[in-house]
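Right, one structure below, let's go through it.
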Amino acid sequence: MAPSDSRTEMTQPPLAQGAELHPRPWGFLGQFRAMASPCELLIATSDVTTASHILNLAAHEAKRIETKYSRFITHNPLWQLNHGDGSPMPIDAETHRLLSFAQQCYSLSDGRFDISAGPLMQLWRFEDLQHGRIPSAQEIDHAKSLVDFSALHITPTSLQMPKAMSLDFGGIAKEYAVDNTARLIAERWPALSVLVNFGGDIACPVTRTSPESAWQVGIENPNALDSASALLQIRQGALATSGTTRRYLEKDHKRYGHIVDPSSGFPVANAPLSVTVLAQNCVMAGMLSTMAMLEGANAEAFLTAQGVYFQVYR
C-alpha cells in the first residue's frame, strides 16, 4: 500500500492558458495572472487531477469576471452600461448583486465609496508613474458633477444612469471574484481546504483541519515591496488589502495615491500606504479596508470601532 502522503499517479489534465501547477509538501501551488494581479491557490490535496481542475476553475472564473467588469475592456457588459446614454440598460442577476453591494458601500461610507466615480478615475492616470499628470481644477469640477451613485435608478433587471456618468467596479470586483471562486470550489470539493489569493485578496471558506499548521499568509511591507513584515495564520476566513504602494503619482515631490475621494476629486489626504482587514468574506474585508483608506488620518480609529483584526502601514 502506498504511503498516505504519496501523490496520486494520474495524468495531469491540460491547464488553462498561462496557469501553472507546482507540487508542494502540503499539496499544490497553482498560479496564473488575472485582473492585473498575480493569482495563487494553495490546494491541500495530493491528487494532481483534482488540483488541476481546481486551478482551471479558478483561472476561468477570474477571467470571466475580469472580462465582464473591467473598465479597460471595450464592448464588455460594463462598457455597455457606461455607454447607455441615459437610457435604461438591461442587467443580469450578478450585476444587480454587485450594484446592491455598491449601494451598501455608498451608504455606509457617507458617499465616499462611490463606484460612479468613473469620470474621476479617467482623469487620474496612475498606470504611468513617469508621465501621469495632475488634472486641472476645471477638469476635476466637471468630473465631480458626473459622480453621484444616488442618481442611479436600479431595478433587479435594469440600470439607468445620467448621461456621461460611468461606473468603475475596481473597488469591489476583485474581492467579489475571490469570494465567488472560493465558493465554487467549496461547493464542488466541500471537504478540501483551498486558499484563494488574487493579488493579496484572500478567501478560505473550508477550514484546514489537517495536522499541519494553518495556511501561512504574509502581509507585504509597503516600505520594502515583495517582502512580508507580518505573517498571519489562517484556517478559515478572508482578508483584503487596500493601498497605494503600487499605484500612485509623484509630482513636484508630492505623492498622490490612487484612492480618490469623490467629495474632493483628489486622492485621499493622509491615507495609509496600506490597510489589511480580516473578515468572514473578502468583499466585507475589502469594503472595510477601502473605507479605512478613505478615512485618511482616522483609518486606525475607524477600524478599531469595527472590532476587526487589521494591519495599517504608513
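The values are calculated or read from the model by the stated rules, or taken from the named source; none is laboratory data. Computed from a predicted model, the values in this text were never measured in an experiment. No Cβ is skipped: glycine too gets one built from the backbone with ideal geometry, and neighbour counts run over all protein chains shown.
Of note:
- Neighbours by Cβ (under 7 Å, 6+ apart or cross-chain): first from the stretch 223-244, among the small types (Gly, Ala, Ser); second outside any strand (DSSP E or B) and at pLDDT below 85: Gly243/Pro222
- None of Ile202, Ile259, Ile219 is over 30 Å from Arg133 (Cα atoms) and modelled with pLDDT under 90 except Ile219.
- Comparison of Ala62, Ala34 shows that the only residue that is closer than 30 Å to Ile115 by Cβ, at pLDDT 95 or above and in contact with an Asp or Glu (Cβ under 8 Å, 6 or more places away or on another chain) is Ala34.
- Exactly one residue out of Ala285, Ala292, Ala269 is part of a loop (DSSP other than H, G, I, E, B), of a type outside the set (Lys, Arg) and either surrounded by 20 or more Cβ atoms within 10 Å (Cβ to Cβ) or in contact with a helix residue (DSSP H, G or I) (Cβ under 6 Å, 6 or more places away or on another chain) (or both), and it is Ala269.
- Restricting the stretch 138-169 to residues that are of a type outside the set (A, V, I, L, M, F, W, C) and crowded, with 20+ Cβ neighbours inside 10 Å, the residue that is nearest to Asp261 (Cα to Cα): Asp168
- Considering the stretch 62-155, the qualifying helices (runs of 4 or more DSSP H), each wholly inside and each with 1 or more residues that are under 21 Å from the mean Cα position of the chain (by Cα), run over 77-82, 93-108, 118-123.
- Test for Ala16: is it part of a helix (DSSP H, G or I), small (Gly, Ala, Ser), modelled with pLDDT of 95 or more and surrounded by 16 or more Cβ atoms within 10 Å (Cβ to Cβ): no
- Any hit, the stretch 247-261, residues being of a type outside the set (Ser, Thr, Tyr), in a helix (DSSP H, G or I) and closer than 30 Å to Thr181 by Cα: no
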